[in-house]
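Let me begin by presenting the structure, written as C-alpha cells, before commenting on it.
The values are calculated or read from the model by the stated rules, or taken from the named source; none is laboratory data. Source: prediction; values computed, not measured. Virtual Cβ from ideal backbone geometry, glycine too; neighbours counted across all protein chains shown.
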Amino acid sequence: MRALATIDQPRAGPQDAAQLLLVDPAALGRLATGAGEGIPHLSALARSSQPRQADALLRVGVDLVARRGADRWGRGLASDEHRGLVSGGRYGASECHARRRRYHPGEHSRRYTGPVRQALLDWFDVNARSFPWRTPGPRDAYAVLVAEALLQQTQAARAVPAFERFVARFPTPQSLAEAPSSDVLAQWQGLGYYQRALRLRACASALLQRHGGAVPTDVAALEALPGIGRYGARAIAAQAFGRDVVAVDANVRRVGARVLALEAPDDLAIERGLEALLCRAAAPRERGVSVTEALIELGATVCTPRAPACSRCPLLPTCAGRGAPESFPGRREVRTRRREVMRPLVARRGACVALRRRPRSGRWPGLWGFPVAAVGEAPGGRSLAGFEHVVTHRTLEVRPRIVAAQHLSGELAWLPVRQVAAGGGDHPVAAIDRRLAERLLDLWSSRREHDEAAA
C-alpha cells in the first residue's frame, strides 16, 4: 500500500509507477477500484513512461473511466493513445465510454459476479472445440473418466483417436477390469506414461468392487479411486455430473493466475479464487459442467502461455493481471534433464529378436522390451551405433550391444523385428524399443543389400 500511496502523490514520477507495476501488477486492479484523488496524475506519468509501463497505465485509466466516471482524465489518456504517445494500448475513447456503461463499481471484487460467469459460458457455447467425450445432454461418466486419464499427459488432438479406440475395446468398467493388462497396455500404445493405463484398469476394478460398476457422483468418492486424484475427481464431477466446481489443470492454472494476479499460486488458491468468482450461485445444473470445461478451453485457445488473445477473452473485465498477462504466473525454475546411460541387449535368431517383459513397477511397467544390462554389468558382444531418447526429466543415452542368446537369462519372447518396430502386437513395447527395432531393420537391410551387391 505504500507504493499505492506514492503513486497517488502529485510528485510521483514514472519510476514509482513502473516499480509498482513491475513488482506488483495486481495493484492495477486495486488502483482501478480504490479511491485516491491523486490517481489522475497517472495521465502525466503515462506520457513520460516507457512503452510497456505507459500501456499498463493507460489500462488503469480506462478502468477508472469505466468504474469511477473520470471522464476528463480518461479522455486525456485516450487522446494520448491516438497521438501515439503510448504503445500497445487497445482502448480508444469510444471503448472507454462503452466500458463505462457496461460495468459498475465493485465489479472487480472476488465475490461471485453472475454476468462474468454468463459471459464465460456464452463464450464456451460458441467457441468450444468438438471432442467425442463432450456429448450433448447426459454424459457417459465412464467415458469422461477415460478421457481424463488420457488427457493427463496427452494433448487433446492426440487423445481423440486413442479415446475412440480405447472405449470401443473397453466400453464399460467391467470390460476394462476383466481384460488382461497386456491388452490394456496394447490399447495404450504410443501414449507414454503407461502407469496411467494400469491405474485406469485398477480404477475400473475399484468401481466394480465399491460402486457396482457405476462412477460415483461425489467428489470425495471419486478422489478415493486409484489414480484419480483431486484434479481428476473434480473434473469428472464437473463434466459428467454437473457439479459446480473448478478443476485446476495447466490451462486453468494459467487462467487463474492471471485473473487473480497470482505470481506463484498453488492449485488450491486458484481453485478457491475461481470458484468464488464463478461458481457460488444458484445456477442451472445443466450449465454447471461448462464452468470447468470453459476455463480449460479458455486456457488452451485464448489465455495461452505466450501472446494471449486478451481482446477475445470473456474474463477480461475481471482479470486483475490484464495489464501484463504474461507476468502471471511467474516463471518456474527450469529443471535440468538428468542424463542416464541405458544398454539394451540385442539377441537375434534369423528375423527375430529377443524381448523380455518389464516389471510392473518402474519405467514402462508391464511392457515388453529388449533386455537391458544392469549397471556395472559387462555384457560383452559388439556395440551398435547409439542414440538419445528423451523421457520425463531425463535424457537416455542408448548404447545397444549385439549379444548371443545364451548370455540372456529368464523368460524371453522371440518376435520378428518388424513386429517390434510396429509396436509389438500382442507384446506391446515402449517407444524406445520401437526406435531401436527400426534402427536394426535399417542396419540389417543395408547390410543385406551390400552382401547381395557384393555377390
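Quick notes on this one:
- Failed item, numbered, when GLY321 is tested on (1) over 15 Å from LEU274 (Cβ atoms); (2) in contact with a helix residue (DSSP H, G or I) (Cβ under 6 Å, 6 or more places away or on another chain): (1)
- Any chance ALA78 is surrounded by 14 or more Cβ atoms within 10 Å (Cβ to Cβ) and modelled with pLDDT of 90 or more: no
- Flag if ARG101 is assigned to a helix (DSSP H, G or I), at pLDDT below 90 and either under 30 Å from LEU260 (Cβ atoms) or in the same structural domain as LEU260 (by TED's automatic domain parsing) (or both): yes
- Of the residues GLU297, GLU293, GLU326, the single one that is assigned to a helix (DSSP H, G or I), out of contact with any Pro (no Cβ under 6 Å at 6 or more places or on another chain) and free of Cβ contacts under 8 Å to residues at least 60 places away in the same chain is GLU326.
- From the list GLY350, GLY369, GLY376, the one residue that fits, being more than 22 Å from the chain's Cα centre (by Cα) and touching a residue at least 12 places away in the same chain (Cβ under 8 Å), is GLY369.
- Whenever a residue of region 243-265 is more than 14 Å from GLU148 (Cβ to Cβ), its partners that are buried (at least 21 other Cβ atoms within 10 Å of the Cβ) and hydroxyl-bearing (Ser, Thr, Tyr), lying with C-beta atoms within less than 6 angstrom and at least six residues away or across chains, give the pairs VAL246/THR292.
- Residue match in region 153-167 (condition: within 17 Å of ARG243 (Cβ to Cβ), touching a residue at least 12 places away in the same chain (Cβ under 8 Å) and surrounded by 15 or more Cβ atoms within 10 Å (Cβ to Cβ)): no
- The residues of region 125-143 that are farther than 19 Å from GLY299 by Cβ and in a helix (DSSP H, G or I), listed by number, are ALA141, TYR142, ALA143.
- Region 144-248 holds helices (runs of 4 or more DSSP H) entirely within its bounds, and those carrying 3 or more residues that are among the hydrophobic types (A, V, I, L, M, F, W, C) and under 30 Å from HIS393 (Cα atoms) map to 156-169, 181-187, 195-211, 229-241.
- Unique match (being assigned to a helix (DSSP H, G or I) and either in contact with a helix residue (DSSP H, G or I) (Cβ under 8 Å, 6 or more places away or on another chain) or at pLDDT 95 or above (or both)) among LEU443, LEU415, LEU436, LEU396: LEU436
- Condition check for GLY288: under 22 Å from ASP244 (Cα atoms) and modelled with pLDDT under 95: yes
- Region 363-389, subset of a type in the set (Phe, Trp, Tyr) and either surrounded by 17 or more Cβ atoms within 10 Å (Cβ to Cβ) or touching a Ser or Thr at 6+ places or on another chain (Cβ under 9 Å) (or both), residue modelled with the lowest pLDDT: TRP364
- Verdict on VAL341 being over 18 Å from ALA437 (Cβ atoms), touching an Asp or Glu at 6+ places or on another chain (Cβ under 6 Å) and surrounded by fewer than 18 Cβ atoms within 10 Å (Cβ to Cβ): yes
- Any hit, region 211-219, residues being more than 17 Å from THR172 (Cα to Cα), at pLDDT 95 or above and crowded, with 16+ Cβ neighbours inside 10 Å: yes
- Taking the numbered list (1) modelled with pLDDT of 95 or more; (2) buried (at least 17 other Cβ atoms within 10 Å of the Cβ); (3) within 26 Å of GLY137 (Cβ to Cβ) in turn, ARG201 passes all entries but (3).
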